[in-house]
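One structure is given here, and the rest of the page talks about it.
Every number here is computed from the coordinates shown, using simple stated rules; none is lab data. Keep in mind it's a predicted model, so treat the numbers as computed, not measured. Ideal geometry is used to build each Cβ from the backbone, glycine not excepted, and the neighbour counts take in all protein chains shown.
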């Protein structure tokens, strides 16, 4: 008998800006990703202040889910998905984020997407804001640095809550909000890049702007949760954290303390506010030592306390090591890098593969918060090469996912309340960090390449059939 609950939400995850395409169709406005060029593992993508005809902007077409959603959702249903994590593109609903009335064509698109999910018995899990801030809000307000965005976000939330109240039960307020604690988060999340043009890896590091922006995002998230709880009690409201598990590189107490501080500000800071409803004690010293002064309005503390989330979700791809010593070997990573762990192997992109770290992480999170949890991103970005028979034999992806699901089962046996699992990029899509197609995650191969060519045809990989078997057995058959 499966250790996973009978109503376990097996599925997959995507983001509007990385797979929808149709960037200027039916009234959609430009979002921050629409201003980002393609890049690669070795060459960073750029953000530009205007669309340049000599550059390729991969989100403009992506894999064109906008015109392929029926075909794609049918493929998800064939795998047996119980849940599909996706996002709503803010600029489809409010092209600049500042309109008084929503764009009906944008609302109608998601009507059709959610109706298609319902047709197959697939539960949507919707991220309200997933790395797609309207670029007009960057130009006018410097993104979330301005408090005006709270009301604009709430206007957006009220429209989609009312429109989809009978179609969507599970909502996440922001994707990987804690990326705002890092320089790259200025582009991904906070939008504090007013006037900046250049490589995303060289975005100016302004901690004061980013942490002030994060404060406004915390208040906006809490307002949205409180509003939903009051007006739509059937909704379940969650947070979403980019969890980058780290270990002390050595048993040197200096390394242990350094890792503790890393875990606090990287992994716990944002969710402590989302789940516990207040700034954690350790933030005060961090702010003082980094010259950060959060400007809060009267009533903000009450809003944060009132708008705590119902469930916790996170992404998990890898782990790394933290050391105070200078002789360690640096590793690559998802958003953040650390030092290499000699006990782990790495992916094609240098991400350290650590399945047992997922069990450890699940226990740490559940022990801290004690609320239902869901892994809403996990997967292996890899180069997929067709075999002589023209098919993708991605045993490496199957091995990665199998090992992580095995550790999920161990965590459930440990007593963790795990409600679902949606591996990332269940269909190939554009990478958020590098802007490339070559780093593929999907169970479904899309004929689209880094130079923008490809006929967008879809093909099932070996992992497609494997995951179908996993779902059908509720996680028992991992062979």
Histogram of C-alpha separations across region 158-271, 5 Å bin width, %: 2, 11, 17, 16, 15, 14, 12, 7, 4, 2, 1
Calculate the length of the line joining the C-alpha centroid of region 212-247 to that of region 63-94, in whole Å. 23 Å
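Any idea what the alpha-carbon Rg over 2.2 N^0.38 Å comes to for region 120-187?
Details: Rg = 13.8 Å, N = 68, 2.2 N^0.38 = 10.9 Å.
Rounded to two decimals, the normalised Rg is 1.27.
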Run the helix sum for the chain: -39,500 (n - 2.57) per DSSP H stretch of 4+ residues, divided by residue count, reported at 222 nm to the nearest 500 deg cm²/dmol. -10500 deg cm²/dmol
If contacts are Cα pairs under 8 angstrom and at least 6 residues apart, what is the relative contact order of region 1-155 in percent? 30 percent
What order, most packed first, do the peptides 140-150, 302-312 have when packing is the mean number of other Cβ atoms within 10 Å of each residue? 140-150, 302-312
By how many nm would the segment from residue 167 to residue 345 lengthen if fully extended, with 0.36 nm per residue of separation less the alpha-carbon distance? 59.9 nm
Which log10 I(q)/I(0) values does the chain give at q = 0.05, 0.08 Å⁻¹ under the Debye formula, counting every alpha carbon as one identical point scatterer? -0.16, -0.43
Near-label residues of region 284-320 by backbone N, under 20 Å of a point 7 Å along Cα→Cβ of residue 260: 284-290, 320
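When a/c is below 1.5 the answer is rounded, else prolate if a/b is larger than b/c, else oblate, so apply that to region 110-152 with a ≥ b ≥ c taken from the square roots of the Cα gyration tensor eigenvalues. Don't skip to the answer; put the middle values down first.
Numbers: a/c = 4.04, a/b = 3.37, b/c = 1.20.
Because a/c hits 1.5 or more and a/b exceeds b/c, region 110-152 counts as prolate.
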Rg/Rh (Cα only; Kirkwood hydrodynamic radius) as it applies to region 213-326: 1.05
Virtual spin-label span in nm between residue 465 and residue 101, 7 Å along Cα→Cβ: 5.3 nm
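Subtracting the Cα-Cα distance from 0.36 nm times the residue separation, let me have the gained length for residue 234 to residue 252 in nm, one decimal.
Working: separation 18, 0.36 × 18 = 6.48 nm, distance 4.94 nm.
Here the answer is 1.5 nm.
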Over the alpha-carbon set of region 1-130, work out the extent along each principal axis and list the three values in angstrom, largest first. 56, 42, 23
Separation between the residue 5 and residue 50 pseudo-spin-labels, each 7 Å from Cα along Cα→Cβ, expressed in nm? 5.3 nm
